[in-house]
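The values are calculated or read from the model by the stated rules, or taken from the named source; none is laboratory data. Bear in mind the structure is a predicted one, so any value in this text is a computation, not a measurement. No Cβ is skipped: glycine too gets one built from the backbone with ideal geometry, and neighbour counts run over all protein chains shown.
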Amino acid sequence: MGIQDIIQGKKEWRAHLARVQALPPDYQIVYKEMQRYFFKVGPVDLHDGHLLSGIVDFFEGGVAAGKGVLELIGNDVAAFCDDLIKDSRTNADIYQESISGEPGTAEK
C-alpha cells in the first residue's frame, strides 16, 4: 500500500465520518455501537468499507422517511449486526479456530 492509497483512505474515512455526524443523535449513537461491535467481532473484510457505508446509506434513508433508528433495526442492535454478517467470516470465528486448533471449523 502506497502513501497515495493511505491518503485516499483517510479522505474517504473522513467523508464517511462527516456523513455519520450529519445523522440525528439517536442514529449516531446506534451507528457508533454497531461500529464498535463490528470492530470487535465483525467480519474479517470490514476494512473494505462497504458494510459501514451501507449502514450509513440505510440510516440516511430512514431519516429521510422520518423513522426512528429503532424502527429500522429493532431493539436488539447486536442481533441486527449479527444478521448483517451472518454469511461472513468473522474475527470471532478466527479466535474460535485458534482455541480449538482446527482451521476452518468455525466457517459458515
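A few comments on the model shown:
- Residue match in region 29-36 (condition: under 14 Å from Cys81 (Cα atoms), in a helix (DSSP H, G or I) and either touching a Cys at 6+ places or on another chain (Cβ under 7 Å) or modelled with pLDDT under 90 (or both)): yes
- Positions within region 1-23 being touching a Phe, Trp or Tyr at 6+ places or on another chain (Cβ under 7 Å) and in a helix (DSSP H, G or I), in sequence order: Val20
- Checking each residue in region 60-84 for being farther than 14 Å from Glu33 by Cα, in contact with a Gly (Cβ under 9 Å, 6 or more places away or on another chain) and surrounded by 15 or more Cβ atoms within 10 Å (Cβ to Cβ) picks out Gly62, Leu72, Leu84.
- Qualifying positions in region 37-62 - on the phi < 0 side of the Ramachandran plot and not in a helix (DSSP H, G or I): Gly42, Pro43
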